[in-house]
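Worksheet: the structure to be examined is printed underneath.
The values are calculated or read from the model by the stated rules, or taken from the named source; none is laboratory data. Not measured: the values here are computed from a predicted model. A quick note on method: Cβ atoms are made from the backbone with ideal geometry, for glycine too, and the neighbour counts reach across all protein chains shown. Just so you know, the surface numbers come from the protein's heavy atoms only, side chains and all, with ligands and any DNA or RNA stripped out. Shrake-Rupley method; radii C 1.70, N 1.55, O 1.52, S 1.80 Å.
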Amino acid sequence: MAERMRTDLNIADADAFYEALIRSHEGLSDDDSNLLNARLVLLLANQVGDMAILQQCLAAARDGLD
Amino acid sequence: MPAYAYPHYDAVRPPELDGENLLHDVVIVGGGPVGLSLALDLAQRGVRSVVLQSSNTLSEGSRALCWSKRTLEILDRFGVARPIAERGFTWSTGRVYAGDREVYHFDLQPERDQPFPAFVNLQQYFAEEYLVDATRRAGGLIELRWQNKATGIAQDGDGATLTVETPHGYYPLRARYVVACDGAKSTIRRAMGLGFEGRVFEDNFLIADVDVAGDVGAKDRRFWFNPSFDPSETALCHGQGDGMWRVDFQLGWDVDVAAEMRPERALPRIKALLGRDDVETTWISVYTFQCRRVEHFRHDRVLFAGDAAHQVSPFGARGGNSGIQDAENLAWKLALVLDGRAPDALLDSYHDERAYAADENIRVTSRTVDFMTAKTPLRARMRQAVLGLAEKHDFARALINSGRLSTPTVHDGSPLNSDHGLAGPAAPGGPCPNRRLADGGCLLDHLGRGLRFEGLYMADGAPGAMPLPAFKTLRAADVPVDTIVVGAGDAEGLRALPDPDGRVAATLGAAPGQYILLRPDQHVASVLPTFDLADARAALDRALARPPAPAMARAGE
Ligand SMILES: Cc1cc2nc3c(=O)[nH]c(=O)nc-3n(C[C@H](O)[C@H](O)[C@H](O)COP(=O)(O)OP(=O)(O)OC[C@H]3O[C@@H](n4cnc5c(N)ncnc54)[C@H](O)[C@@H]3O)c2cc1C
């Protein structure tokens, strides 16, 4: 059976992560901020690795934007 | 409901004005929730205090509204929690909406059999009224001086001298210790030239107390991001006592504050939020919020507590609650230092523990405000992403931050803790967990009333097999440790707490033979895996900031 994307919380301290994420953008222009997010997506995708899961993440991210 | 009739308290003419030269043990500057709680807690430990109150009445507007379970447990020792719970609005579920859609709800009370709910909402003036009433039942140990305003302070090695202004004139007031509980604009802090550093959040919040005829039909905390009924970025609605409601709107930074406060401007949006027309406001105010604290909570003979020491944004209800927890932390320490049974260093631990708590509250509430006020395009986009994903995916719901509601700080790493590596629900530095008992009372009813430590010994075998003589030795120490044998019907003259269905042991997460040493403020000092007299004494010394007793002095005991 193909792997399934996790949707339960998998980050021990979610608020600390969110703060660190916002902080990492501090002082950046809007363009650079977008670029940071794009880099982050690539880095995180490489952590995941599994194409089946990545496909599900891509679909979930796209969901509702059409 | 008619609007609250603020009581008027006449100015007190103190004996010092007529030439009496007194040295008080403790003078508390400020008779808000924190100053009054401190006076009551000190009285429970047998310490007399004078409370200076500049005002002639109680807090204006509802202000501190949500009283947490831990705060109610503290106030219960003064007989104030039950009246609050009876009059207030009880809740434990928070609902978060994006626009009109509920995206998430949280339940704050997963523990079983609690005598108090996660939160009771009651206007600050009612809470203060009950606290003032309780000061009159404190056996004459509390002298509350209305319309006595501290205007200056000087200290020397033995105490501090305040200058106090009254309608009858000025007088000097001398005390061994002064505790500044005079709120965010603390006169004492300013008079001592102390900084109050932190962050100001650039946002205005319209806050109103609303009277509604009849039932609104909501029983939860409700929070909206981008509400459909209002242009505000967020809105919040709470029930409060006497069928009143409290509403908050996040207005933004560049607004005309005076205009926003006008009823003709505020009322329509309040009506839209509540979905009713028959509403009346009794208090409307606009606030900006900040997070900051004094660097040191102790300056020799002067200590700072409550808003005078730290300020947070109110989303999370951490201001008043943590202030009352400052008071419980300080009272027993002051009492033991005043009567000479603990060294002065014990008061330093007040700073260690409560500055740590303030930092936690500042960190948590700052994150909330950062989530609520999407100041930059990036923050706005991130929040939009979280709220969007939250509709389908659990993990994103956990990221939605509309306020992380007050829980008591576990003073990890406090110099008073002796850590033996056991970390259950009763962990060193945190309050003892509570539970309703089979007999209808509750666990905390049995703890933390006098000026002594307590030990919860988890019964292991028959009384003959237990170290009862050692418990009696501890009970006879200069600072007594009163052992309660949990799970025994009788313990040969020691206190026993039967635990027929094992719920106390389960609540404490403690195995037979373990010994939980509790401070007078019901906080865990140590959890011993098995009882040992030397270990228990070492933990007691440490919790009193006493140097460890030399091994010699112990021999022959
Ligand atoms: C809109 C709003 C909502 C809030 N909601 C909550 C909530 O839900 N839960 C919560 O826990 N907290 C909440 N808070 C925070 C809470 O109101 C404060 O943390 C709390 O009042 C602090 O208590 P205190 O006794 O330290 O100070 P205060 O309540 O400010 O009391 C200080 C007292 O000192 C007196 N005083 C001042 N100067 C002098 C002087 N020089 N001499 C003598 N007396 C003096 C004053 O008259 C006053 O009575 C809220 C605050 C606001 C503004």
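The figures follow:
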| quantity | calculated |
| --- | --- |
| Tensor-based shape of chain B (alpha-carbon gyration tensor, a/c under 1.5 rounded, otherwise prolate or oblate) | oblate |
| Ordering of B:275-283, B:31-39 by packing [mean C-beta count within 10 Å, highest first] | B:31-39, B:275-283 |
| The protein assembly as shown: translational diffusion in µm²/s, Stokes-Einstein, Kirkwood Rh over Cα pairs, 4 °C, 1.567 mPa s | 49 |
| Charge dipole (debye, nearest 20) of the protein assembly as shown; +1 at Cβ of Lys and Arg, -1 at Cβ of Asp and Glu | 320 |
| Sorted peptide list for A:49-62, B:310-323, B:140-153, B:489-502, criterion being average Cβ within 10 angstrom, highest first | B:310-323, B:140-153, B:489-502, A:49-62 |
| Hull-based mean projected area of chain A, where the convex hull spans the alpha carbons, in square nanometres | 5.9 |
| Extension reserve of the residue B:170-residue B:476 stretch, reckoned as 0.36 nm per residue once the Cα distance is removed | 105.5 nm |
| Antiparallel %, DSSP beta bridges [both residues in the protein assembly as shown], to 5 | 70 |
| Stokes-Einstein D in µm²/s, Kirkwood radius over Cα pairs - the stretch B:304-407 at 37 °C with 0.692 mPa s viscosity | 208 |
| Vicinal HN-Hα couplings computed from phi for the stretch A:15-28 (Karplus, 6.51 cos²θ - 1.76 cosθ + 1.60; Hz; Gly/Pro x) | 5, 5, 4, 4, 4, 5, 4, 5, 4, 5, 8, 4, x, 8 |
| Per-peptide average of other Cβ atoms within 10 Å, ordering B:255-268, B:165-178 highest first | B:165-178, B:255-268 |
| Percent of Cα pairs exceeding the 26 Å cut-off, where the set is the stretch B:172-295 | 38 |
| Shielding of B:387-399 by partner chains, average beta-carbon count, 10 Å | 4 |
| Other protein chain Cβ atoms within 10 Å, averaged over every residue that makes up B:373-385 | 3 |
| Carbon and sulfur %, accessible surface of the protein assembly as shown computed with the full protein complex present, 1.4 Å | 51 |
| Unit charges on C-beta of K, R, D, E only; dipole of chain B, Debye | 560 |
| In the stretch B:86-132, GluC sites (Glu not before Pro) in a DSSP loop with at most 13 other beta-carbon atoms within 10 Å | B:111 |
| Positive-end residue of B:466, B:507, B:531, charge dipole of the stretch B:443-555 with Cβ unit charges | B:531 |
| Angle in degrees between helix B:377-390 and the longest Cα principal axis of chain B, rounded to the nearest 10 | 80 |
| The stretch B:443-555, Rg to Rh (Cα coordinates; Rh as Kirkwood inverse mean 1/r) | 0.95 |
| Dipole of chain A, positive direction: furthest Cα of A:57, A:25, A:37, with charges on the beta-carbon | A:57 |
| Average beta carbon contacts from partner chains per residue of A:24-30, 10 Å cutoff | 2 |
